[in-house]
1. If GLY12 meets every condition in (1) farther than 23 Å from ASN247 by Cα; (2) modelled with pLDDT of 50 or more; (3) part of a loop (DSSP other than H, G, I, E, B) apart from one, which number is that one?
2. I'm trying to understand the selection: among the residues of the stretch 248-281, which are part of a strand (DSSP E or B) and among the hydrophobic types (A, V, I, L, M, F, W, C)?
3. What's the number of the condition VAL301 fails, among (1) out of contact with any helix residue (DSSP H, G or I) (no Cβ under 8 Å at 6 or more places or on another chain); (2) hydrophobic (A, V, I, L, M, F, W, C); (3) surrounded by fewer than 21 Cβ atoms within 10 Å (Cβ to Cβ)?
4. Working carefully through the options GLU475, GLU442, GLU425, GLU486, find the one that is buried (at least 18 other Cβ atoms within 10 Å of the Cβ) and assigned by TED's automatic domain parsing to the domain that holds ARG522.
5. Being surrounded by 14 or more Cβ atoms within 10 Å (Cβ to Cβ) and among the β-branched types (Val, Ile, Thr) is true for just one of THR375, THR381. Which residue is that?
6. Which of the strands (runs of 3 or more DSSP E) contained wholly in the stretch 186-246 include at least 2 residues that are of a type in the set (D, E, K, R) and closer than 30 Å to ARG33 by Cα?
7. Does the stretch 188-198 include one or more residues that are without any contact (Cβ under 8 Å) to a residue 40 or more places away in the chain and either over 21 Å from SER131 (Cβ atoms) or under 18 Å from the mean Cα position of the chain (by Cα) (or both)?
8. Among the residues that make up the stretch 302-309, is at least one of them in a strand (DSSP E or B) and among the aliphatic types (A, V, I, L, M)?
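The values are calculated or read from the model by the stated rules, or taken from the named source; none is laboratory data. Values in this document were obtained by computation on a predicted structure and should not be read as measured data. We place every Cβ from the backbone using ideal geometry, glycine too, and count neighbours over all the protein chains shown.
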Amino acid sequence: MDLSRRDLLRFGLLGSAALYLPVQRLARAADFRSLTKLPAPYSYPFTRPPSIDLRAAANGGTAVDTLRMTMRQVTVPVLGPAGKWVQTPLWVYVGPNGEINPTIHVDKGQPIRVYHKNALPATHPVHGYESWTSVHLHGSASLPQYDGYASDVIKPGQTKLYEYPNMQGARTLWYHDHGVHRTARNAYAGLAAQYHLHDEMEEASGIPTGAYDAPLIIRDALFAQDGTLLWDDNDRSSLMGDIILVNGVPWPVMPVHKRRYRFRILNACISRSFNLSLSDARAKMWVIATDGGFMPKPQQVTSLRIGMAERYEVIIDFTGCPDNAEVLLRSGDVKNNVDYLHTRKIMKFKVAVGPAPDLSRNEIPAEFYTARTPTPGNGYTGPDEVMGLTAQMAVRTRRMRFKHDDGDGRWTIDGETWDDVVASEYKRVIATPAAGSIEVWEFENSSGGWFHPVHVHLIDFRILSRNGRAPNAYELGPKDVAYVGEGETVKVVMKFGPHQGRYMIHCHNLVHEDYDMMSQFRVGPSVDPDPNHPIFGAPAWDE
Ligand SMILES: [Cu+2]
C-alpha cells in the first residue's frame, strides 16, 4: 500500500468500507517514526477517570464552591505497562490531589469557581509554539468572560478564574482547551475531561448511578516509536489516529453484570466520527440523553452516529446476555473517516457468570418529561423548554454556510474566519439575536468533502430537520452540537439566553476550527465598555 492519505483524499477513496490500511500505514517520509506494533485490542482493563465530587452529599452536607486546577505535562503509560511499552507525555488538567483529567461532579443550582493555572512547558515540546490555553466548559451557559473564548488566553505561568453557574439541568458536559489556533493540538495532547451536572429529575428517574454510570471518552491518536503523540493533520483537513482510546486506555475490556448500565459517551476525537453499535443483539441500547441533557423519551437504537464533541448518554442492558458473553462496542462505516486495522473497534464488555449482585437503580423510564412551550424572557428553565421550541415560534431564520475556501485553503463560515473577528477587535459578529428571542438557524454544508459538527456556545437547540427530513431518533433531545454531514443542511431552533454578549460558533473538527472555521454571534445590544467582555471581563493574571 503506497497511497498516502492525501492521495486517498484526492482519489476519493475515503469512506469506502472496503478500504483498510495496514498497520504500517503511511508511505510518507514524515511518518517513518510511527509505531509499527500496536497494543492488542481488548487486552487492557477499562478504567474510569478519577472524580472530584463537589456536591453537598459528598462533602458532609456542605457543597464545595471553589476548585483549583493546574494544567501540566505528565508522562504516562498510555500504550501499555511501563517497561513493556514506551510512555507518553500528555498535557492534562490536574486536580488538587493529583487527579488527572478528573470528572467533576456538581448539583444543579450549585455555582462554582474554578481557578485554572497554566503550568505547561512554556513552549510545546514538538510544535514549538507558546503554550497558551483557554478553558471551555462545553455545555455550560457561562458568562462570556468565563466561556473559554478562544482569544481569552492563559499564557504559561498565568492563572484565570472561571465561574460556572450550573443552573441548567442534569447533563454531561466536558471541559477542554479552546486556545486560539492551538485548540486541536492542545486537546490532542490531552486537555479534555468530563463534568457532570446532577439534578432531581435524574435522581427520581431510577436510572443507573454510581458504579453503573461511567464516562466513555472516546478518542483516536497516532504514536511515534518513542511514545510521543504524532501530529499529522493532512493539510489542515483532519487528524486520523490508528489507536482508539477509551478513557485513555487502548480498546479496553470492561467486566459487566447482567443488568443495565449508563454510559456517557463523548467523542473527543479531533476529526474522527463513529457509527456505534453493539455486536450482540441480546444486549440492548437506549439513548436517554443528548448534549443538553435528558430527552423527553428514551429511544431504543441499534446504531448511533456521533461526531466530535457530541455527547450521547446511553443505557446498555446486558440482562439478556449469557454467562461470559463478549459484547463489542464497535463503529461502522462513516463517510470521510480513514479506517486503519483496528479503528472500527472501540471496547469490549465481558458479561459475568450468574445473576447480577445488585439490581438497584436499574430503570429506564418511559418518559423523562413532556416538552412544553417556553416561558417568555431569556431565562433557562430546563430541557423541556428547549424541546418545546418550534419553527413557528421563531422571529427570524438565518442561514450559515460552512465551506472550504479553495483560494487560501481555509475553512469558513459565510466566507469569514476567526481572523476577521480578531481584525475587528472582536466586534464583528455574524448574528445578533435579541435576548430571549427564538430563531431558526440553518447550517449548510454543500460540499461532499467533509462533515462539520457545528457547535453553538451558550444555548441548547432542538434539531428540526436534516435535509428536510426528520432528525434521527437519537437526536430527539437538547443539543449543542449539530452533525452537519456531507451535503447536508441542518435546521435547528433555539432561544437566546440566559446571558447576553459575544459567544463563539464553530466547527468541532478542531483542525477546521483552528484554520479558521469559527465566528461569533452577540446576544443583545452592543455594549461599550462591556462588563462581560469575553477577553477583558476576567483576564488571566501572572501567578
Ligand atoms: Cu469542519
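1. Looking at each condition in turn, GLY12 falls short on (2).
2. Within the stretch 248-281, VAL249, VAL253, MET254, VAL256, PHE263, ILE265, LEU266, PHE274, LEU276, LEU278 meet the criteria.
3. For VAL301, the exception is condition (1).
4. GLU475
5. THR381
6. 213-221
7. Keep residues of the stretch 188-198 that are without any contact (Cβ under 8 Å) to a residue 40 or more places away in the chain, which gives none.
Within the stretch 188-198, not a single residue is without any contact (Cβ under 8 Å) to a residue 40 or more places away in the chain and either over 21 Å from SER131 (Cβ atoms) or under 18 Å from the mean Cα position of the chain (by Cα) (or both).
8. Step one: filter the stretch 302-309 for residues in a strand (DSSP E or B), giving 303-306.
Cutting the leftovers down to among the aliphatic types (A, V, I, L, M) gives us 304, 306.
Yes, there is a match, as at least one residue in the stretch 302-309 is in a strand (DSSP E or B) and among the aliphatic types (A, V, I, L, M).
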